[in-house]
């Protein structure tokens, strides 16, 4: 990850301009971007419906939410709203996945690409104080965190970025209509992509099993992960809540919770680029991204495939190659 | 009604399954199920602590079916279908192969020993091969013993 | 430091606790915030906001509050074991199940108000809510009619005589049959809607002298879809009942009426004076029946219906069967049109 | 009032643990604060204001198994049938084929049902007044208030539970307990209230149960100024919360605004998960299902929530709250209108967890401010509302 250019304000202005123009010209009914949350440490999804409200939109390294999650609900049923949307690099990959399966209607979509230089790991940052963090600011390579007493701590940006931002290969959107600001340089020498995964893989089976049980023991089955997931699109008809077939029971315990998460994982295999939206939505902080990244690591090794990169590519589990380099026996 | 018999590994266990492993086989109707049938007809000795689920095609199998089997107490799951290229429905097993391969690679992440899951291809005429595959697989599972108190 | 015992609610659950606002005031923490004036008196199951009383579980176990009665009766979640004694096939997808409680004393003491419902369940599958449609005077069994649609109903359809079920009954409020005394009664029902009204029809016919004219308009798609054929014959034969049986489309051999229920209702021209109309059937039928009744100048307080919602606990706790502040399971399933109009439209 | 010196805290916990399960806020492997059963030596965290989830799970279990049942073959030839895996139809007793020997039962399937009840004595230690008030408010629904049914599972646990609350010294920006008749030192439901001051905690018993806890030998009498110091902590905390809305008139407002287009507007970023309800100290809706494995199973009561699309889905396929906005509206209306109307109590204690842990930070305060005033529609005519505009244009909610 290259050091930050710190041109957040420029990009923010550009997003606002693009949204304003689109709204004024009637190209979109509403624009989905990021806006300020309940305090200055939170940035949340924001829906803007008139050009005079675009100034509510913000762009900074707290804008973690993958807004394509809002598309999965209604896009397949035309003729309905025309939607404008801002996407970061990883968000665009989920959009590409949806486009590959023709699950969103391109005709009704206006996409503003946002080059991204890494998103702050708000969860880690908020733990540097025991009491409430009320403000997070990023300037150059420093993250300043302020708590409710007004105390401020300076953190190294590099250490408090989301894990997958540190080894991000695609900081620029893979699909967009207009790009807000200039593309950032794509890193040449890759930070080790799968460090955490390899550490986990090296553990003995019993230990992995224990860690899994420990992680899923605390799942409360609120379904935030699947509802926040941009590529998990069954929405109101999730098989995890069905009685027939009964893959997952209503009982909440580590086993059922893990089974539920497996349903999520296998159902998004080949579409999920590990954007981390599920992980960040989890109210009890289960490190879901590890599972999804592991899956992507295996897909990469199996088929040299990365989800959401190429619009023309067929979804990897909806096709096959007779020469697939496995299962020949 | 306990009736002492030999397990694949030669240890004795009672008919009611106590002290034994539970192994589920998901077999395609056209090749592997016929192969297993053939092995039976030929009176080839097969381990019987093996519960077969017959499916029309391996393409029907969702990795979640396998996980569900484990969750409900299976100690091992063996999937077998037609050889690539010989699928009764032309290409079902090619799709299956990708899914099953991903599952096989993901299972260790969940704390499964690799010996607990295998997917393979056995044709209707390969009764001998079937005997060998299933015996070896169950031997592997028996060596590990039952999965108890596991996360999934 | 003022010490208020705030555990009242926990230590004596049925006792009313102070409204939280009053406590805040008593605590003397900074500014005391005022409680909002109670806009509506607290309603208890069965007594409506207008003070009218309806049949409730109170009426069945006199002299006790519902909670106390239930506690005396035991845990409201525990089904009473029962056995299927008879299965009556009604139509191609509806069967009536006659069940008896295994405990003879329970069977002996069981009574319910017409219109009340019960939870019929199979251990291992689940429970569903059905109207109790045997006559309230029948002591031999409870009858539930079940249309095969989902998981529980399919499992019920697979039962045989002698199989075990669990029953939690009675639940909810019945029809105010006592209030209707001296009035004309008009039943308008379609399809399986008859199941919810059968007990009430039996009640009014058994207490025939208490009521003026009784009219039953019952329609179904085809003769095969009519339920309770054994009852229909009786109704048609009786001189003191005006039974109008109709099917949607003419079929050979059918000697009764043809036409949709709302149309037949309008043709019958019942007079609204001193009449109570009770309707139940598919939502679309209810919608048109209500319009027809309006045309015939029935007022809201003359119209009653019984609703269904997804239910789980059946005792007003689990939260899903609400329409605004009312729960269908304890405040209903019987509602007058007047009551329904007050509630938010979440049918 | 008594005083518990800081160095006596662990001894007090250990004392409590002798006769009850002690549940206290502790960090898990990821540094997330949860209420967990306490064992000697474990580190209890009181510095962070709120745990991630309210402790309601200890009284209203997320998974409550209350019935266990099994179908078993009994009598002659049962074992043989099992062996061949024969599907012996239940209404076709084996006796017809082979009459049983004298004194031997014919084979038949027997249903065994067993009830499960479990309510160990427990102390929930270090919960905040809003959490305690959550129980207090839920007591109304589970306790049979107003003549409704009494819930034996909740109440058995509730009656075996002692609540030792801790005054909030420093409310968070999402706290709004004072707007809903609560207080950072509120006493609803609390048995013993601790207030952190220099060197330890003052302890006020509010009930007989609380009084009994003061029997622990580590308590000292309050010293000079300690009671005042505690009062200062309470007053400052109370003053630190600026009530974000006026509760009076909210039920009427929600009633008036039931059809208000602003509901569509506010729910746009809701993803319809259940996080808000599962972290909430008050939300109590549940589901009942039978879970079978082979021939034995359980009837379990599990948390459910009004955002679950299947919550109100009827077998016919009809769903009274099919659209997300209706489910969204139900949650707020239930807390501030339906529940007060039925139980004469609010169903919100102002902890603010739903705001903080919502994946998209839906703000309850904003919803109540917008829709909890009488006649919002009149204040902002529907025609002018943006939401109405979009809704009318596109006929959809996201």
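The values are calculated or read from the model by the stated rules, or taken from the named source; none is laboratory data. These numbers were taken from a predicted model, which means no experiment stands behind them. Cβ: placed from backbone, ideal geometry, glycine included. Neighbour counts: every protein chain shown.
Below are the figures for this structure:
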{"item": "Scope region D:28-43; condition touching a strand residue (DSSP E or B) at 6+ places or on another chain (Cβ under 9 Å), surrounded by fewer than 17 Cβ atoms within 10 Å (Cβ to Cβ) and part of a loop (DSSP other than H, G, I, E, B); matching residues", "result": "D:28, D:39, D:42, D:43"}
{"item": "Test: residue in region D:379-395 that is more than 26 Å from residue A:44 (Cβ to Cβ), surrounded by 18 or more Cβ atoms within 10 Å (Cβ to Cβ), away from chain A (no Cβ under 14 Å) and at pLDDT below 85", "result": "no"}
{"item": "Any chance residue D:182 is touching a residue at least 12 places away in the same chain (Cβ under 8 Å), under 15 Å from residue D:2 (Cα atoms) and in a loop (DSSP other than H, G, I, E, B)", "result": "no"}
{"item": "Helices (runs of 4 or more DSSP H) contained entirely in region D:246-305, each with at least 1 residues that are at the interface with chain C (Cβ under 8 Å from one of its Cβ atoms)", "result": "D:250-256"}
{"item": "Subset of region D:153-171 [crowded, with 24+ Cβ neighbours inside 10 Å and farther than 24 Å from residue D:203 by Cβ]", "result": "D:154"}
{"item": "Residue tally, condition in contact with a helix residue (DSSP H, G or I) (Cβ under 7 Å, 6 or more places away or on another chain), farther than 23 Å from residue A:118 by Cβ and within 14 Å of chain D (Cβ to nearest Cβ), over region A:264-320", "result": "2"}
{"item": "Within region B:15-31, considering residues that are under 16 Å from residue B:76 (Cβ atoms) and surrounded by 14 or more Cβ atoms within 10 Å (Cβ to Cβ), the one farthest from the chain's Cα centre (by Cα)", "result": "B:20"}
{"item": "Number of positions in region D:1-27 that are part of a loop (DSSP other than H, G, I, E, B) and in contact with a helix residue (DSSP H, G or I) (Cβ under 8 Å, 6 or more places away or on another chain)", "result": "1"}
{"item": "Considering residues of region D:134-150 that are touching a strand residue (DSSP E or B) at 6+ places or on another chain (Cβ under 8 Å) and modelled with pLDDT of 85 or more only, the residue nearest to residue D:203 (Cα to Cα)", "result": "D:135"}
{"item": "Helices (runs of 4 or more DSSP H) wholly inside region B:61-152 containing at least 3 residues that are in contact (Cβ under 8 Å) with a residue 60 or more places away in the chain and in contact with a helix residue (DSSP H, G or I) (Cβ under 7 Å, 6 or more places away or on another chain)", "result": "B:127-144"}
{"item": "Unmet requirement for residue A:164, which otherwise passes all of (1) over 27 Å from residue A:83 (Cα atoms); (2) more than 14 Å from the chain's Cα centre (by Cα); (3) not in a loop (DSSP other than H, G, I, E, B)", "result": "(2)"}
{"item": "Unmet criterion (only one of (1) exposed (fewer than 13 other Cβ atoms within 10 Å of the Cβ); (2) in contact with a helix residue (DSSP H, G or I) (Cβ under 8 Å, 6 or more places away or on another chain)) for residue C:279", "result": "(1)"}
{"item": "Of all residues in region D:196-211 being facing chain C (nearest Cβ under 10 Å) and in contact with a helix residue (DSSP H, G or I) (Cβ under 7 Å, 6 or more places away or on another chain), the one that is surrounded by the fewest Cβ atoms within 10 Å (Cβ to Cβ)", "result": "D:205"}
{"item": "Complete set of residues in region D:212-223 that are within 14 Å of chain C (Cβ to nearest Cβ) and exposed (fewer than 14 other Cβ atoms within 10 Å of the Cβ)", "result": "D:212"}
{"item": "Yes/no for residue A:249 being more than 12 Å from chain D (Cβ to nearest Cβ), touching a helix residue (DSSP H, G or I) at 6+ places or on another chain (Cβ under 9 Å) and assigned to a loop (DSSP other than H, G, I, E, B)", "result": "no"}
{"item": "Residue among D:59, D:23 that alone is surrounded by 19 or more Cβ atoms within 10 Å (Cβ to Cβ), at pLDDT 95 or above, under 29 Å from residue D:176 (Cα atoms) and under 30 Å from the mean Cα position of the chain (by Cα)", "result": "D:23"}
{"item": "Within region D:313-365, tally of residues that are within 9 Å of chain A (Cβ to nearest Cβ) and part of a helix (DSSP H, G or I)", "result": "6"}
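Yes or no, residue by residue, for (1) surrounded by fewer than 24 Cβ atoms within 10 Å (Cβ to Cβ); (2) at the interface with chain C (Cβ under 7 Å from one of its Cβ atoms):
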{"residue": "D:114", "(1), (2)": "yes, no"}
{"residue": "D:118", "(1), (2)": "yes, no"}
{"residue": "D:151", "(1), (2)": "no, yes"}
{"residue": "D:176", "(1), (2)": "no, no"}
